[in-house]
């Protein structure tokens, strides 16, 4: 399943605008059920050398429950089943060796989580959530290969050119599964409509289970308390 990021951003933004509009209208009559509602954009790193980005909508309810609808994209992860003796080989020019590119995998996580809201200050709060994810990921299959080395001919030797192939061939297949998402975040509303935060998450699934850390910017209704 391949989902275009632009379409996802447009859809989530539309939903956020509807929610913010509803919250404002309810707030006029003082019957809104929301304490906070905000859009989040985050970036960070994950286990196995991965890099990640997140786009999500978070809410805090009057009964101290929280919910988050999120999308994570993780790329550049080392496959969990990469053989311990894997050698990517190298290419060299002017006697300077450059390692060949090693296989890596990408993962998309579409998650809905819920949890509890804990106020830690006038405009800071902590939340811990758990839920389910639809996981789109890649798996690499490794097969032993004969190593090819070249560069012993006179012309290659003059320019210091050489090549060594990987000792495994790698093929990538796409997989989809259901996973469990666990996340905790610390947040600070520095204005009535914006805030920053940091958090960690873990996603348990049968393809590859990433653990990540991220920092984020939040924009929305923060319900900031003034002095």
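The values are calculated or read from the model by the stated rules, or taken from the named source; none is laboratory data. These numbers come from a predicted model, not from an experiment. With ideal geometry, Cβ positions are generated from the backbone for all residues, glycine too; neighbour counts draw on all protein chains shown.
For residue 131, indicate whether it is out of contact with any helix residue (DSSP H, G or I) (no Cβ under 6 Å at 6 or more places or on another chain) and at pLDDT 95 or above.
Yes; evaluated as a whole, the condition is true for this residue.
Among the candidates 137, 76, 58, single out the residue that is outside any helix (DSSP H, G or I) and under 20 Å from residue 38 (Cβ atoms).
Matching residue, one of 137, 76, 58: 58.
Take residue 188 and decide whether it is closer than 24 Å to residue 61 by Cα, surrounded by 15 or more Cβ atoms within 10 Å (Cβ to Cβ), touching a residue at least 40 places away in the same chain (Cβ under 8 Å) and touching a helix residue (DSSP H, G or I) at 6+ places or on another chain (Cβ under 9 Å).
Considered against the rule, which asks whether it is closer than 24 Å to residue 61 by Cα, surrounded by 15 or more Cβ atoms within 10 Å (Cβ to Cβ), touching a residue at least 40 places away in the same chain (Cβ under 8 Å) and touching a helix residue (DSSP H, G or I) at 6+ places or on another chain (Cβ under 9 Å), residue 188 comes out as no.
So that you can scan it fast, the table gives a plain yes or no per residue for (1) closer than 16 Å to residue 213 by Cα; (2) at pLDDT below 95:
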position	(1), (2)
29	no, yes
33	no, yes
70	yes, no
95	no, yes
99	no, yes
102	no, yes
110	no, no
135	no, no
144	no, yes
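Criterion first (under 30 Å from residue 93 (Cβ atoms) and in contact (Cβ under 8 Å) with a residue 24 or more places away in the chain) does residue 194 satisfy it?
When the stated conditions are applied, residue 194 does not pass them.
Could you grab me the full set of residues in segment 88-104 that are surrounded by 15 or more Cβ atoms within 10 Å (Cβ to Cβ), in a loop (DSSP other than H, G, I, E, B) and touching a strand residue (DSSP E or B) at 6+ places or on another chain (Cβ under 8 Å)?
88, 89, 103, 104
Of the conditions (1) within 25 Å of residue 112 (Cβ to Cβ); (2) surrounded by 14 or more Cβ atoms within 10 Å (Cβ to Cβ); (3) in contact (Cβ under 8 Å) with a residue 40 or more places away in the chain, residue 176 satisfies every one except a single condition; which number is it?
That leaves (2) as the condition not met.
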